[in-house]
1. Report the FRET efficiency, 1/(1 + (r/R0)^6), for Ser211 and Arg12, where r is their Cβ-Cβ distance and R0 is 56 Å, rounded to 0.05.
2. Can you list the lysines whose alpha carbon is less than 20 Å from that of Lys118, not counting same-chain residues fewer than 8 positions off?
3. List the extent of the Cα atoms of segment 288-363 along each of their three principal axes, largest first, rounded to whole Å.
4. Determine the shape class of segment 122-238: with a ≥ b ≥ c the square roots of the Cα gyration tensor eigenvalues, call it rounded for a/c under 1.5, and otherwise prolate if a/b is greater than b/c, oblate otherwise.
5. To the nearest 500 deg cm²/dmol, what mean residue ellipticity at 222 nm is calculated for the chain from DSSP H runs of n ≥ 4 alone, each contributing -39,500 (n - 2.57), summed and divided by the residues?
6. For a quick check: sort Ser161, Ser49 by the number of other beta carbons within 10 angstrom, fewest at the front.
7. Strictly over 28 Å apart at the Cα level, which of Lys121/Lys415; Lys532/Lys588; Lys121/Lys432 would you flag in this model?
8. For the pairs Lys98/Lys176; Lys65/Lys410; Lys466/Lys533, flag any whose C-alpha to C-alpha distance is greater than 19 Å.
Amino acid sequence: MDAAKLLIPVKRYVNLAGKFYWPVSQWPADSATSVPAPGPVAVRIRCNSRLESREAYQMTILPDKIEITAAGDAGAYYAIQTLMNLIALEKGNLHCCKIEDWPDFARRGVYLDCSRGKVPKLDTLKELVSRLAHWKINELQLYIENVFTFSRHPAIGRGYSPFTSDDILALQDYCKLHHVRLVGSLASLGHTEKILMLPEYQHLGELPGFSGFAGGTTLCPTDPGSIKLVGELYEEFVPLFQAVDFNVCGDEPWELGKGRSKRSAHRLGVGRVYLNYFMKLYHLCQKHNKRMNVWADIILEHPELLKEIPKDVVMLNWDYNIGGERVSRTKEIAKAKLPFMVCPGTSSWNTHGTRLANAMGNVAEFAAQGLKYRAEGLLNTDWGDNGHRNFLGVSLHGFAHGAAHSWNSKDVDDKTFTQRFCKSVFGDTDGKLAKALNLLGSTYLTCGAPYQNESALFYTLIEPMKNNKAITPSRIDATSETGLKNVISQLSDESIWPGTKGLGEFERLTLRELKTAARMDCLAAQRALAAKKIRNGGNVPAGQLRKIKYQMHKIAKDFRTLWLARNKPSRLQDNLKLFRRIENESLKLSRK
């Protein structure tokens, strides 16, 4: 067997003579100890601390036994995951073989946005963790802006279905069972608009009113009240996490040096103003015995400051596009002798069905840079910009692909990965689902308006059909008629999707989410075609407009069901309100 056929390829696989049959129905589903197998075959696990790393393992499959040697519990766990994958792949007919395996990166993470609308239920996060761990992911970070119940600042999470301390602790305990570290993450400078919009915190904003937010989006770094607030939030939040690392975020402070800190920025420089605040966050992390992790974008805008960063700060270098400018700047962080992680993304935000080619290329490029310059880890990010209309199930492919490159990047075959993912996760033996995923994941190109960091169809679904000068650029105008018609012809037939027989509830929900994402792209294309005709002075039949209304109504109903199946109510109503506006617009136009 070719080791590359595994979803997460192993480092060394050597075929030995012979094979034996082991009924899969009798295989223990979740075992980390020696378990007697049917008949004479047994699994034996031994410890050898001299292996490559604590997560390394060796496995020998012989006709009468399976021997696993691991450096620690995590290595034994990953050996079992490989064995389960082999059983599924070979349908119980295991080839005798010898495997030696260890990870490329010490930290193999997923970063999950929980603050742009969707706050996952605890059960959803547990289900996700079990799958990530099976793919040998060993770190999870939840992106928190305001969705936590701060007892000293109770207004901050109100109306957003926030996590409680018990949620975090329960998730952490579950993560430990699967050798996953739960690492804390809290927006501590930029992306604080949900806090600054509250009257009691507006005075802390750098530039109130920026981007339409009452208090702006960024804490004023020169206001002592800003770090005081963050310190109080840390007092409640940071001690919940056992992991030594803590992510202070610190990215995209759009207003930095443009408002209340403008005078200091003029005197010291914008970079110096940022670094001064950065060091205050660093001392807070030191106070809580945490190693500070921080997004690297602002420091890379002021590279002269790299030499002043404390040598124990982990820089998180992110860029979400193939050939992105910061991808190639990884070497600058390495040259500064700072620990760092490379941080690609699933490209699942600002789209209904991912930008598949970009996601895979982004991960592969960053993995190569991380290996070349000895990154500490790879952190694969998944965001939920603009109301988090994108579904969790749509991101699973990206999580698995990032996991494969995190464990053994050079042996990942990107050309066949989607087929292997669909077969491994959904039992897709005929390639039907893989073909559908490729179609859905390419609509950002098919529609004729390929933007970075978004699919135009995400916006044509909600952009008013009549000309609206406030929307610049118009995604409707940017798309092509031919491309839109191709999207509809490729995705409107629901028979392209396989059935759900034999799948667990998590995977059944995923297929429903993928099908709904395809319907949303189709409706977005239909609206854009109708809008082009209206904007050019043509007439759209009333029946066609009523059909758009009906389809939006049905999608909204299914969207609500799918949202609540995995998530707390949180900001669901924000999306449903948007969908109702689309329905009302179509109905109004149909009556003219």
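Throughout, read-outs are computed from the coordinates displayed, never taken from laboratory work. Everything quoted here is computed from the prediction, not taken from an experiment. Here the Cβ is made from the backbone with ideal geometry for all residues, glycine too, and neighbour counts use every protein chain on show.
1. Rounded to the nearest 0.05, the efficiency is 0.60.
2. Lys118 reaches Lys126, Lys194, Lys515, Lys557, Lys568, Lys577.
3. 41, 29, 16
4. Details: a/c = 2.43, a/b = 2.30, b/c = 1.06.
Since a/c reaches 1.5 and a/b is larger than b/c, the shape of segment 122-238 is classed as prolate.
5. Working: 20 runs with 253 residues, N = 592.
Here the helix-only value at 222 nm equals -13500 deg cm²/dmol.
6. The order, fewest Cβ neighbours first, is Ser49, Ser161.
7. Flagged as over cut-off: Lys121/Lys415; Lys121/Lys432.
8. Over 19 Å apart, Cα to Cα: Lys98/Lys176; Lys65/Lys410.
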